[in-house]
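Note sheet for the following structure.
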Amino acid sequence: MNDSSPDRAAVVLDFWCELQCPDCRSALDDLRALRARYGDRLELRLRHFPLEKHKHAFAAAQAAEEALEQGQGWPYIEAVLGRVEELDRQGEPFLMEVARELGLDAEEFDTALIDGRHILIVDADQAEGKAIGVTGTPTYVIDGERLDGGKSQEGLRERVEEIVDRLLAEQAGA
């Protein structure tokens, strides 16, 4: 099986996340394991689903989009999720602090949060999530199957691996 063939599309896993969510922080280990196992055969896409109960979640989603634009998306997302309590306490100043720690253009980052240039992306993700039945975070969607990690992370990575393995085997057989 040659997985490096350029005509093979990566399997897409949408990760519906909220950066102020402790359960999403718990999901980081699974996401890291999936990336390590599949590499570029799995495209992990962050999808925003800020919850109303977390007052800094919408700003954090916009900040993540700016970090993605500046080429540091996943490091930023992991840094923020790893320090959810600080985001709870500090809000936007914490988002800026993480941007500076990662060497992002802080001035551009601040401007992006003020001018709202990423609001439409966050709104569109949230609307799509609601349309497909996402009610909480983390939620995974792969091959049309929605897996709710907000209730329990138990067995989710194994289920994702089963689906990815099946899809990759189907691609190899095609």
- Query: Considering only residues of the range 48-79 that are more than 12 Å from the chain's Cα centre (by Cα) and of a type in the set (D, E), which is surrounded by the most Cβ atoms within 10 Å (Cβ to Cβ)?
  - Reply: E66
- Message: Please determine whether any residue of the range 89-100 is modelled with pLDDT of 95 or more, part of a loop (DSSP other than H, G, I, E, B) and surrounded by 13 or more Cβ atoms within 10 Å (Cβ to Cβ).
- Response: no
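Say whether the condition of being without any contact (Cβ under 8 Å) to a residue 24 or more places away in the chain, part of a helix (DSSP H, G or I) and either crowded, with 18+ Cβ neighbours inside 10 Å or not acidic (D, E) (or both) is met by at least one residue in the range 154-161. Write out each step before concluding.
Filtering the range 154-161 down to residues without any contact (Cβ under 8 Å) to a residue 24 or more places away in the chain leaves 154-155, 158-159.
In the following step, the residues that additionally are part of a helix (DSSP H, G or I) were identified as 158-159.
Of the ones still in play, those that are also either crowded, with 18+ Cβ neighbours inside 10 Å or not acidic (D, E) (or both) are 159.
Checking the range 154-161: at least one residue is without any contact (Cβ under 8 Å) to a residue 24 or more places away in the chain, part of a helix (DSSP H, G or I) and either crowded, with 18+ Cβ neighbours inside 10 Å or not acidic (D, E) (or both).
Quick one: would you say T139 is in contact with a Phe, Trp or Tyr (Cβ under 6 Å, 6 or more places away or on another chain), among the polar types (S, T, N, Q) and either under 20 Å from W16 (Cα atoms) or without any contact (Cβ under 8 Å) to a residue 40 or more places away in the chain (or both)? Even if it seems obvious, please write down each step before you answer.
On the way: in contact with a Phe, Trp or Tyr (Cβ under 6 Å, 6 or more places away or on another chain): yes; among the polar types (S, T, N, Q): yes; either under 20 Å from W16 (Cα atoms) or without any contact (Cβ under 8 Å) to a residue 40 or more places away in the chain (or both): yes.
Yes.
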- Item | Residues (out of contact with any strand residue (DSSP E or B) (no Cβ under 8 Å at 6 or more places or on another chain) and among the basic types (K, R)) located in the range 116-174 | R117, K130, K151, R157, R166
- Message: Quick check on this structure: which one of L104, L44, L113 is of a type in the set (A, V, I, L, M, F, W, C), modelled with pLDDT under 95 and more than 18 Å from the chain's Cα centre (by Cα)?
- Response: L113
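The values are calculated or read from the model by the stated rules, or taken from the named source; none is laboratory data. As the structure is a computational prediction, the values presented were derived from the model and not from experiment. Positions of Cβ are backbone-derived with ideal geometry, glycine not excepted, and every protein chain shown enters the neighbour counts.
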